[in-house]
Amino acid sequence: MNLLDRQFMVNVSLERAWQHLARVDQWTTWARHIRHIELYPKGELGPQSSGVIQLANGMRSTFRMTEYNPGHNWKWVGPFLWLTIEYDHHFESLNSDQTRLRFIVDARGFAVGVFGRLFAKLYRRNLEKAIPRLVNEVEAAVSGT
């Protein structure tokens, strides 16, 4: 079941957008609903990556990479209650200085119609606050401000 499909643009190259988002341990600067992310193995995001996300409300969730296509997308999977949630992060170059980012969230599992809608509502609210901060942060990093 598709829970969320959110697209937005950043005024940076695809390479810069990828590099910025691939530093998942630094997502707390723009995704304030996340308190801490532990990435394994430490260092650069890659096809063997997994980790633990600690949310600001104290909940913890694990994830593991299931798809990794550098410069195009990565997908990781993690549990939420009785659901399995898939988070797909897409990158599309529009030109040398613009990239479209797309976050797709799908779910499967027991009572996905009920719990999935609840999860989507909460996650959508968090993303609506986080995405403008992410855009500002990525673009500011390029301009040096």
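The values are calculated or read from the model by the stated rules, or taken from the named source; none is laboratory data. Just so it is clear, the structure is predicted and the values come from calculations on it, not from any experiment. Cβ coordinates were reconstructed from backbone atoms using ideal geometry, including for glycine residues, and neighbour counts include every protein chain displayed. We work out accessible area using only protein heavy atoms, side chains counted, and drop any ligands, DNA or RNA first. Shrake-Rupley method; radii C 1.70, N 1.55, O 1.52, S 1.80 Å.
So which residues in region 94-121 are aromatic (Phe, Trp, Tyr), under 23 Å from VAL24 (Cα atoms) and assigned to a helix (DSSP H, G or I), if there are any at all?
PHE119
Could you check VAL10 against (1) open to solvent by 20 Å² or more (accessible area, probe 1.4 Å); (2) closer than 26 Å to ASN136 by Cα; (3) not hydroxyl-bearing (Ser, Thr, Tyr) and say which number it fails?
(1)
If LYS129 satisfies every condition in (1) assigned to a strand (DSSP E or B); (2) under 18 Å from TRP30 (Cα atoms) but one, which is the exception?
(1)
Of all the strands (runs of 3 or more DSSP E) wholly in region 17-93, which have at least 1 residues that are in contact with a helix residue (DSSP H, G or I) (Cβ under 8 Å, 6 or more places away or on another chain), under 20 Å from LEU3 (Cβ atoms) and open to solvent by less than 20 Å² (accessible area, probe 1.4 Å)? If you could, list the steps in order and put the result at the bottom.
On the way: elements: 34-40, 50-55, 60-69, 73-80.
Those strands (runs of 3 or more DSSP E) span 34-40.
Residues of region 102-137 being open to solvent by 60 Å² or more (accessible area, probe 1.4 Å), in contact with a Ser or Thr (Cβ under 8 Å, 6 or more places away or on another chain) and within 25 Å of GLU67 (Cα to Cα), which ones?
Step one: of region 102-137, the residues open to solvent by 60 Å² or more (accessible area, probe 1.4 Å) are 102, 108, 110, 114, 117-118, 121-122, 124-125, 128-129, 132-133, 136.
If we keep only those that are in contact with a Ser or Thr (Cβ under 8 Å, 6 or more places away or on another chain) as well, we get 108, 133.
ARG108 - this is the single residue of region 102-137 that is open to solvent by 60 Å² or more (accessible area, probe 1.4 Å), in contact with a Ser or Thr (Cβ under 8 Å, 6 or more places away or on another chain) and within 25 Å of GLU67 (Cα to Cα).
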